[in-house]
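Novice: One structure, pasted below without further comment.
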Amino acid sequence: MRKFLPLLIILAVLGIALGAGWYLTRPKVAPPAPPATPQASGNVPATSVSPTPARLNVAQPGAEPPHSVGPVNAPVTLEEFGDFQCPPCGLLHPVLKEMEKEFGSQLRVIFRHFPLAQAHPHAIPAARAAEAAGMQGKFWEMHDLIFENQQTWKTAFDARPTFEGYAVKLGLDIGKFRRDITSTAVDQRIALDGRRANALGVTGTPTVFMNGREIPFEALPPERLRPLIQAELRAAGR
């Protein structure tokens, strides 16, 4: 055993030397990189503030002057984007009439056109009929007749004769009504309301804004809409 001892010592020293050399020359392994922080695209800061609820967009005012009921300086303004053939719009119509009577001069109601033509083929003809009546100062009278008789004309093959009948009932100049209903002026008013709707993010009907804030659809029944108007009046000191 003693005669092998020098050889064992030499082998041990050689092993230590080789191990140290490997340790000093081994490839360096980088530590795992921390998760990357998402970067905002373009020039928008990564810490941008959450958007606020939609407000009245003055850059897209819609048709001017708007069709409205109530004082311009009323403390509460309800702005409806509606489609005359839309069933929920038809149900909202008497609700808004009720609110107009109840709150009187404290409330202003604006109607904006947002006809969903793909779903409602008579929506644009109805909007044109209302605007043509408006050219003779009878927008709201035609608006009310169209909504109140929605069940009568909504399934008609062609609702335009029905709308012309309403014009006769309202005592309008039929020749002028027929010219106006296809006029550029009428189409432009409908288009301008549509642009305003798009600017405010409107996607369906009815959509209602109260003093520039959108009212949730489920809050439109009278028992829920009334307290919202009352709260807005209290906030205005009324």
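Coordinate-derived values only; no laboratory data. Computed from a predicted structure; not experimentally measured. Cβ placement follows ideal geometry from the backbone for every residue including glycine, while neighbour counts extend to all protein chains displayed.
Novice: Can you put Lys138, Lys169, Lys97 in order of Cβ neighbours within 10 angstrom, beginning with the fewest?
Specialist: Placing the least packed residue first, the sequence is Lys169, Lys97, Lys138.
Novice: Same structure again: Cα atoms only, the stretch 75-235: Rg and Dmax in Å?
Specialist: Every Cα atom of the stretch 75-235 included, Rg and Dmax give 15.7, 49 Å.
Novice: Taking Lys154 as the anchor, which aspartates and glutamates have their alpha carbon closer than 14 Å to its alpha carbon, excluding any fewer than eight residues away along the same chain?
Specialist: Those aspartates and glutamates meeting the cut-off are Asp83.
Novice: How are the Cα pair distances of the stretch 165-238 distributed, in percent, across 5 Å bins from 0?
Specialist: 3, 12, 15, 13, 12, 13, 14, 12, 6, 1
Novice: For the stretch 109-122, take each phi angle, set θ = phi - 60°, evaluate the Karplus expression 6.51 cos²θ - 1.76 cosθ + 1.60, and give the result in whole Hz per residue in order, putting x for glycine and proline.
Specialist: Whole-Hz 3J(HN,Hα) from phi for the stretch 109-122: 10, 10, 10, 10, 7, 9, x, 8, 5, 5, 8, 10, x, 9.
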